[in-house]
Every structure is written in structure tokens, then in C-alpha cells.
Amino acid sequence: MKNTGLALKPLSATTGVEISGVDLRAPLSDADAADIRAALNAWGVVFFRDQALEPEHQLAFARAFGTVEVRSHPTSMGQVDGHPELAVIRREPTDGRNTGGFWHTDQCFLPDPPLGSVLYAKQLPTRGGDTMFAHMGAACAALSDGLRDMLRGLRAVHVRLNYHGIDGRAQWGVTADELAHYAEKYAGIEATHPVIGRHPESGQEILYLNPIYTDRFEGWTRAESQPLIQHLCARATRPENICRFRWEDGSLAMWDNRAVLHYALDDYPGETRVMQRCVVLGPWLHPPGSA
Ligand code: SIN
């Protein structure tokens, strides 16, 4: 750390750090931006509290890390009026489904997934609604040499539709009619990525998989692939490997979408939770074995 006045408080052994000593309504100094980026590279996700932000402040913060994406693919998320870059993640008491309520990275089913996501709390339940994060660099480092070596040679196919239904079977109470609608809406939205990539800034090897969108290894059937995918994801999300963030009014999180999985908890029945998210584009994981 340079002498920027930022203070860092890690939330777990490998994942997540809270940063204080900065007001995100003001433009970030170059030194603060560099230190926040270093913290993101080290911990995978950074958290800030007590920030009273307007949409333009959230966007200005995100732009310190790269280009903010204007929606590039079909989605059911709403948008903030006048700010098409900001998606609204709204959960009302009557909504059966909890957006993001499973371990995943954002937009892994696109050929160029975002570098990171910036999430700001707009309306929170009186309790619950935390988000968990798991560092996939730590998960990769914990594998045996033999398994890691084998995975370096694999690529995996990530499928958008899997969120709603897999092999024609609906998930999370989606009806057959809804699944047919989603199958049309998300047809062909899938991408293939290396299973292990090298982080472009930290140089750390990252396991790039998640339990829902990652459908299969390239050249393998889904049935052959799933036992290993689920084994790897279960190891990666062991309690020792995660942090859990308790949102408060004014909390903002930015995660490195290349390095961590995240999971929005579904434990606030009868209450509303509203979050505002933008995603930042930037360099992707390098192939394994590259510098
Ligand atoms: C997301 O999955 O991007 C949203 C996470 C959350 O709402 O906590």
C-alpha cells in the first residue's frame, strides 16, 4: 500500500477485503485506484461501507477499472432510468426466483465475460440477503498437482439456458411454458473457456467453472463431465474458501469476475431486496502456461 489513507480489513483467509478511508462520491485519485485494484487482485472482491451514491458515482467508480458495458445480451433484469449500464436486481416477496442465488460468475456464457461487477445496495431486507464469494485462485492452488495438470488441458462449455432448465428439465419452479420461452430467448448463448486460466494481473492460476452454467468439458458428454465439475465446485466453495458479506445501507462491492464465484442468499421471505449492478469490461484470463 502507498500512503493513500485506505485501510484494509480482510473478511477471510483468502477471499474478500473491506476497504475504508475513501469517499466514492469523489473522483478516485490514481493512488487510491491503484491500491483498490491491488486489493481486488489479492482478495478477489472489495467492499466499501457508508457510501451515499447516485448512479453516476457508481458508474464513475466502475470506470476506474475499465469500460462499463451497456447491455450486450438478452436478460430479464430491469434497468435504472437514464442509465442503461445499470441493471436492477429486484426481488419482491412474490418472486419465486432469486437472481444470482447459486454459485456463478457473471456472463460466463459469453465469449468475453466481464472483468468485474460493481454492486450497490438500494433496498435491503431487515435481515438476510447476504452475498457469498469463493476465490477460485485459492481453489486452484488447493488441487493436487495431477488433477491441476489434467485440467490445464481442458476447456468447458458454459450455457446460458442452464439457469432455467437443463436437458429439458426446468429449475427453480420454472414452468414448462416458461422454459420453452427461455429456450427460444437464450438459444445459442454459450461459450467455451479454458478450465484453468492465468490471471492477467496477479499471474495466479484460476479455476474457471461454476455448478450451473458450466455444462460440460469440450469433447466430453455432460454425463461424463458433471461429476468432476460438481466435485471441483464443491471443493471450491467449502466454508474455509469463502467470505460472506452482510449488506448495509450504503454498501458497495466490486468483485473480480475472473477470480471469484458469488452467490446471493435467499433467506428473507416476505421482504424486498433491490441492488444495482454494472459490469466492467477488461482483459480476460490468459491461457494456462502463458506468462
Ligand atoms: C449477482 O449475482 O450478480 C447479484 C448478487 C447479489 O444480488 O447479491
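Read-outs throughout are calculated quantities, based only on the coordinates presented, and are distinct from any laboratory measurement. Here the structure is a predicted model, which is why all the values come from computation and not from measurement. Neighbour counts are summed over all protein chains in view; Cβ atoms, including those assigned to glycine, are modelled from backbone coordinates with ideal geometry.
Using a/c under 1.5 as the rounded threshold, could you call segment 104-259 rounded, prolate or oblate? The axes a ≥ b ≥ c are square roots of the C-alpha gyration tensor eigenvalues, and prolate needs a/b larger than b/c, oblate otherwise. Oblate shape, in that a/c is at least 1.5 and b/c is the bigger or equal ratio. With only alpha-carbon pairs counted, each pair once and no self-pairs, how large is the Kirkwood hydrodynamic radius of segment 229-291 in angstroms? Hydrodynamic radius (Kirkwood, Cα only) of segment 229-291 equals 15.2 Å. A cut-off of 5 Å between modelled amide H atoms, ignoring neighbours fewer than 5 places along the same chain, links Val68 with Leu281. Mind checking the log10 I(q)/I(0) for segment 1-91 at q = 0.12, 0.17, 0.21, 0.23 Å⁻¹? Debye, one equal scatterer per Cα, no solvent, two decimals. Values, matching the q order: -0.44, -0.84, -1.12, -1.22. With 0.36 nm allotted per residue and the present C-alpha distance subtracted, the Ala170-Leu265 stretch has 32.2 nm of extension available. Across segment 125-140, rounded Karplus estimates of 3J(HN,Hα) from the backbone phi angles (6.51 cos²θ - 1.76 cosθ + 1.60, θ = phi - 60°) give x, 5, 8, x, x, 5, 10, 10, 9, 10, 7, 8, x, 4, 4, 5 Hz, Gly and Pro being marked x.
Across segment 83-97, coupling constants 3J(HN,Hα) worked out from phi with the 6.51/-1.76/1.60 Karplus curve, θ = phi - 60°, read 9, x, 6, 9, 8, 9, 9, 10, 10, 9, x, 8, 7, x, 9 Hz, and Gly and Pro carry x.
Taking the Kirkwood radius as Rh and the Cα radius of gyration as Rg, segment 73-132 has a ratio of Rg/Rh equal to 0.94. The dipole here belongs to the chain: it is taken about the Cα centre, uses +1 on the Cβ of Lys and Arg and -1 on the Cβ of Asp and Glu, and is about 420 debye. Which one of Ala34, Phe61, Thr15 has its Cα pushed farthest toward the positive end of the charge dipole of the chain, where Lys and Arg give +1 and Asp and Glu give -1 at the Cβ? So the residue furthest toward the plus end is Thr15.
A simple charge model with +1 on the Cβ of Lys and Arg, -1 on the Cβ of Asp and Glu and nothing else charged puts the dipole of segment 15-92 at about 260 debye relative to its Cα centre. Peptides 88-99, 245-256, 204-215, 118-129 ranked from most to least packed, by the mean per-residue count of other Cβ atoms within 10 Å: 204-215, 245-256, 118-129, 88-99.
Can you bin the chain into rounded, prolate or oblate? Criterion: square roots of the alpha carbon gyration tensor eigenvalues sorted a ≥ b ≥ c, rounded for a/c under 1.5, prolate for a/b above b/c, oblate for the rest. It comes out oblate by the Cα gyration axes. In a reduced charge model with +1 at each Lys and Arg Cβ and -1 at each Asp and Glu Cβ, segment 92-174 shows a dipole moment near 40 debye about its Cα centre. The string of couplings for segment 104-120 from the Karplus curve (6.51, -1.76, 1.60, θ = phi - 60°) is 6, 10, 6, 6, 5, 7, 9, x, 10, x, x, 5, x, 10, 10, 10, 10 Hz, one whole number per residue in order, with x for Gly and Pro.
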